[in-house]
Amino acid sequence: MKTHTQVVIIGGGVVGASVLYHLTKLGWTDVVLLEKHELTSGSTWHAAGGVHTYNSDANVSRLQKYTIDLYHEIERVSGQSCGIHAAGNLVLAANQAVLDNIRMIHSRGQYLGLEMHLISPREARELNPLINDKEFIGALHRKDGGHVDPHGVTQAYAIAARNAGAEIHRFTRVVALEPRPDGGWLVITDKGDITCEHVVNAAGLWAREVGRMAGIELPVLAMEHMYIVTEDIPEVVALGRELLPTTDYSGEIYMRQERSGVLMGTYEQDCRVWSPDATPWDFNMQLLPDDLDRLAKHLEIGFKRFPAIGRAGIKRVVNGPFTFAPDGNPLVGPVRGLRNYWCACGVMAGFAQGGGVGLALSRWMVEGDPGSDIFAMDVARYGAFATPAYTNSKVQENYQRRFRMAYPNEELPAARPLRRTPVYDRLQAAGAVFGANFGLEVALWYAPKGMEPVEIPTYRRSNAFAVVREECHAVRSAVGLMEISGFGKYEIAGPDAALWLNGLLAGRVPRPGRMALAPMLNEQGRIIGDFSLACLARDRFLMIGSGMAEIYHMRWFERHPPPIGTVVRSLAPALTGFAIAGPNSRELLQRLARANVSSDAFKFFDVREMAVGMVPATVIRASYTGDLGYEIWVTPDYQITLYEQLVEAGSDLGLRHFGSRALMSLRLEKGYGAFLREFRPDYTPMETGLARFVSYDKADFIGREAALNDRATRPLKKLVALVVDVNDADAVGYETILKEGKAVGQVTSGGYAHWAQKSIAMGYVRSDLANDGETFVIGLFGDDCPARIHTTPLFDPNGERQRS
Ligand SMILES: Cc1cc2nc3c(=O)[nH]c(=O)nc-3n(C[C@H](O)[C@H](O)[C@H](O)COP(=O)(O)OP(=O)(O)OC[C@H]3O[C@@H](n4cnc5c(N)ncnc54)[C@H](O)[C@@H]3O)c2cc1C
């Protein structure tokens, strides 16, 4: 083994092998993979090898499609068979909810170029004669996907990487990691030491342990997972072609052909965490004792829905562990606070996702950027809240819900409440129905007296619909009160604060007492932040952005640190706040503030540090509702007092609590985009319309060159707002926008605008079609809904209300 290399990858499962291959493909050939046993000896060797393209995040779907297409390439490059069975697959719907779900997948898949068709149960039965079609009401036939050979795939990556110059050392265990002053790492193994510039944690079942070697606790945990393999089935033998792999969501069953029988697995409700605290180092190429009793209920349903399987004997049961992050998506990317420590772990579907994970991570390492927005699998989507106990609870919930419908309005209960602001109990007493954002309890809407504070999960309009309408109307006609503590908040203080912000952000840095909207770009000129920047003093700024992106943004700030003497820190736990919005909001603030807050004295985008009643606060005149409004920020010790004052002073002004559901409705009718929806690293300022906040004439800022090129080129797509003619369901996101039957765009978010009384979808369409009045069709749960571009906001198009 050499003593120095550019990259050490720890782990020779399918994921580590994919990262190795992709690094060599991008030109980094001085790379070493260390594997403590044989390649594949963790989760990889016993996987069912099933692959499919769909994920609830569009970009993860794209990477899954990339992974599947890649198998032909690595077969060709390596000469090693991947055992590709590209039969496609079937998803069966036994009830209306699943039917809605597969219709949504179908609508989303068109823009992604995923070939799929909605078919009848009878047609499904023709493709898979084991199906009892009387049990189902519909099906989705996906043309891509199938299954591959886990061993063959891993070997193919490894051979191709070795041929390009990479080294693989088997039976070499990494026992410790030490950071070096030059930013690299000393990797200590049981066969000697090796220094490197970068370390990749692709340790699968041991990802936690390899995280701990660097002093971090990654939110990853293994679950036991079982499948059965049957004896030969006459119907399969007689088929003369391969059986189509099939998933039955409501039965929570997947199946595919295995020789002349069938492999059938389930995500059982009576699930088991494996090795909750630490993974034994000597667990190599091993299975776990099976426990068919745990599967009995699911197998019974399976035998009813696929009767031929019930008639066959069980030849073998496989029970193996594999890892999950709390939301089931991988943990990929550089870890905040560590230099050159990269993650490629928590990959629950290594054969569907491993290629995409390898591609994204390698690009990130070699080119400085993953190539597209992969926030859905970025390790930075978790913060300190993702403790081992949180992870344990969430991973079990995720496992149990693996084949359950994920409703857009659903908030999952495990590990909650976790983060709470002081006012939580008061809001609960006011009827708040909470959701969790970055571990923090956030009020979604407020159930009026007499109504149970529970929202029923659905793809259609929920029981909260009428209440949210009332909340929106209260904001537009009187005054609404909303807790906004969940936003990301950062303090930048020091003599060079303005200088640093000027280079970090694409927008203008405001003068003292003013706020500005400030997009942040990466070197490729794509949107990685969308901040409100308030200048409290020449050397002190408050920056507000997405709460979910706190670690993501802090990691970026650390990569581009301010000069010594200037400090940036997250105020996540240190600042709480309320928004008041609506025509009576000024009167409400004036009742509590000694300072003059009249329209002349306190203008739109003004910022003041002032007393609000008895409470010292920072007040910003701005509102994401698009209405007259203010944000009032205080330290947590004052939050309850501020709340009580606002509620009391607003009681005769028509004050009503509103939650984030109403906020989404209000911002949609105003045409405001949201970070990680409309504004994300997939898009540029010209595409998003954020170009008007970019100061192209500034001497320098990150992404300037790319932004200038972007401005000089006609954008391929543009963000638009569409009014959609719907029945009882609004757009959710990622639906395909069709023009004359062709996919010309994609929805980014949607919902009902209660004040404007219109269903709205925001999304990107081909720029030649981004014209006022242009018409399209959006498929919503089986309905082809006409949609029309509205280039002026439906609410307050001239901004008179917010500036009043
Ligand atoms: C029963 C079952 C069925 C499955 N079916 C499917 C399926 O149909 N489709 C699908 O996509 N996925 C499936 N999976 C999941 C799939 O197996 C995993 O997603 C995948 O194997 C994860 O690969 P990995 O490389 O991340 O981890 P692993 O395979 O666990 O690899 C990690 C490697 O790192 C090595 N290592 C760890 N620590 C060190 C160290 N300190 N030094 C050196 N080496 C180290 C280990 O020895 C191991 O070889 C299934 C899993 C199970 C259990």
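The values are calculated or read from the model by the stated rules, or taken from the named source; none is laboratory data. If you're wondering where the values come from, they're calculated on a predicted model, not measured in any experiment. Virtual Cβ from ideal backbone geometry, glycine too; neighbours counted across all protein chains shown. Surface accessibility is based on the protein's heavy atoms, side chains included, excluding ligands, DNA and RNA. Shrake-Rupley method; radii C 1.70, N 1.55, O 1.52, S 1.80 Å.
Results, tabulated for the structure shown:
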quantity: Residue list for the range 580-592, restricted to those being within 26 Å of residue 543 (Cβ to Cβ), open to solvent by 10 Å² or more (accessible area, probe 1.4 Å) and not charged (D, E, K, R); calculated: 592
quantity: Single residue of 268, 252, 258, 231 found to be more than 11 Å from the ligand (Cβ to nearest atom), touching a residue at least 12 places away in the same chain (Cβ under 8 Å) and open to solvent by 50 Å² or more (accessible area, probe 1.4 Å); calculated: 231
quantity: Residue ID - farthest from the ligand (Cβ to nearest atom), chosen from residues in the range 1-30 that are among the small types (Gly, Ala, Ser) and within 12 Å of residue 168 (Cβ to Cβ); calculated: 17
quantity: Residues located in the range 319-349, provided they are outside any loop (DSSP other than H, G, I, E, B), in contact with a helix residue (DSSP H, G or I) (Cβ under 7 Å, 6 or more places away or on another chain) and of a type in the set (S, T, N, Q); calculated: 323
quantity: Flag for residue 317 being open to solvent by 30 Å² or more (accessible area, probe 1.4 Å) and within 12 Å of the ligand (Cβ to nearest atom); calculated: yes
quantity: Residues of the range 180-204 satisfying the condition of being among the hydrophobic types (A, V, I, L, M, F, W, C), open to solvent by 10 Å² or more (accessible area, probe 1.4 Å), within 13 Å of the ligand (Cβ to nearest atom) and not in a loop (DSSP other than H, G, I, E, B); calculated: 188
quantity: Candidate set from the range 42-60 (those that are more than 6 Å from the ligand (Cβ to nearest atom) and in a helix (DSSP H, G or I)); member that is surrounded by the most Cβ atoms within 10 Å (Cβ to Cβ); calculated: 60
quantity: Residue 263 being more than 11 Å from the ligand (Cβ to nearest atom) and within 21 Å of residue 13 (Cβ to Cβ); calculated: no
quantity: Scope the range 205-215; condition surrounded by fewer than 23 Cβ atoms within 10 Å (Cβ to Cβ) and within 11 Å of the ligand (Cβ to nearest atom); matching residues; calculated: 209, 212, 213
quantity: Count - residues of the range 374-385 that are within 10 Å of the chain's Cα centre (by Cα) and closer than 14 Å to residue 553 by Cβ; calculated: 3
quantity: Residue satisfying condition, being part of a helix (DSSP H, G or I), within 13 Å of the ligand (Cβ to nearest atom), in contact (Cβ under 8 Å) with a residue 12 or more places away in the chain and over 20 Å from residue 249 (Cβ atoms), within set 33, 63, 39; calculated: 63
quantity: From 218, 243, 239, 299, residue being under 24 Å from residue 40 (Cα atoms), touching a residue at least 12 places away in the same chain (Cβ under 8 Å), away from the ligand (no atom under 11 Å from the Cβ) and surrounded by 14 or more Cβ atoms within 10 Å (Cβ to Cβ); calculated: 218
quantity: In the range 164-179, residue most open to solvent (accessible area, probe 1.4 Å) [restricted to those that are within 12 Å of the ligand (Cβ to nearest atom) and not in a strand (DSSP E or B)]; calculated: 170
quantity: Criterion (within 29 Å of the chain's Cα centre (by Cα) and assigned to a helix (DSSP H, G or I)) met by exactly one of 569, 555; calculated: 555
quantity: Elements of type helices (runs of 4 or more DSSP H) in the range 603-701, at least 3 residues being farther than 27 Å from residue 757 by Cβ and touching a strand residue (DSSP E or B) at 6+ places or on another chain (Cβ under 9 Å); calculated: 639-650, 685-688
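Here is a yes/no grid of residues against (1) closer than 30 Å to residue 783 by Cβ; (2) small (Gly, Ala, Ser); (3) surrounded by 16 or more Cβ atoms within 10 Å (Cβ to Cβ); (4) at pLDDT 95 or above:
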| residue | (1), (2), (3), (4) |
| --- | --- |
| 684 | no, no, yes, yes |
| 687 | yes, no, yes, yes |
| 694 | no, no, yes, yes |
| 706 | no, yes, yes, yes |
| 710 | no, no, yes, yes |
| 714 | no, no, no, no |
| 718 | yes, no, yes, yes |
| 721 | yes, yes, yes, yes |
| 726 | yes, no, yes, yes |
